[in-house]
1. May I ask you to sort 156, 165 by Cβ crowding, counting other Cβ atoms within 10 Å and putting the fewest first?
2. How large is the direction-averaged shadow of the alpha-carbon convex hull of segment 60-176, in nm²?
3. Give a residue-ordered list of calculated ³J(HN,Hα) values for segment 66-82 (Karplus: 6.51 cos²θ - 1.76 cosθ + 1.60, θ = phi - 60°; whole Hz; x for Gly, Pro).
4. From the cross-link list 71/142; 52/142; 79/109; 52/115; 115/150; 79/161, which pairs have alpha carbons spaced over 21 Å apart?
Amino acid sequence: MAETGHSPELIQANARLKQGQKAQAGASPQPESRPAPVEVGQEEDWTCEAEKALPKIPAGEYQALVIQSKKKTYRFNRKEREKIEFRFKIFSGEFDGIELRGYCPYYKKAGTSTKLYRWAVLAMGARADRISPLPFRGKLFKVLVDFTPKFIPNTHTPAPKSIQHSEVIEILELLAGGRP
């Protein structure tokens, strides 16, 4: 090892790099070189599996059944937050059977102006003192579906249509399966 603590190979590689940079600095500017075309069979050797694409249906009102709900944790602006993910199954028209997601922020104490409280009141047909998944299961709702995300996260850049997907953004009314 040299006095700098680096291996002799690293020192030699850095010296060659510096010599090459000096030679380029004195030379006349070269036109930008393009990489050689890749022949078939010589592609990069990596792959990864992509998550299943989320469904996309036209925005509007649909009949949907809640088939599942669960609390999830996610990170947003370096903070952990919790949300309730609802899974809805569409039961109307040509999109019958399509599954969509809908989200509500989770609060230990949900105020009366929160989305979770509004949805619970519609599901129970009365004011809610405690909110649990039970009032939502097996009930048919009229829901409002729209595209999301509208913007690329953490920017004000509109999201391209190719990455948008459908999501239940609001429960409008209880149609069957409980009170009212």
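Quick note: the coordinates plus some simple rules give every number you see, no bench work behind them. Note that the coordinates shown come from a computational prediction; the quantities given were computed from them, not determined experimentally. FYI the Cβ positions are ideal-geometry reconstructions off the backbone, even for glycines, and counts take in every protein chain you see.
1. Least to most surrounded, the residues fall as 156, 165.
2. The directionally averaged projection comes out at 8.1 nm².
3. Values per residue, Gly and Pro as x: 6, 9, 6, 8, 8, 8, 10, 10, 9, 9, 9, 6, 6, 10, 7, 10, 10 Hz.
4. Long pairs (Cα-Cα over 21 Å): 71/142; 52/142; 52/115; 79/161.
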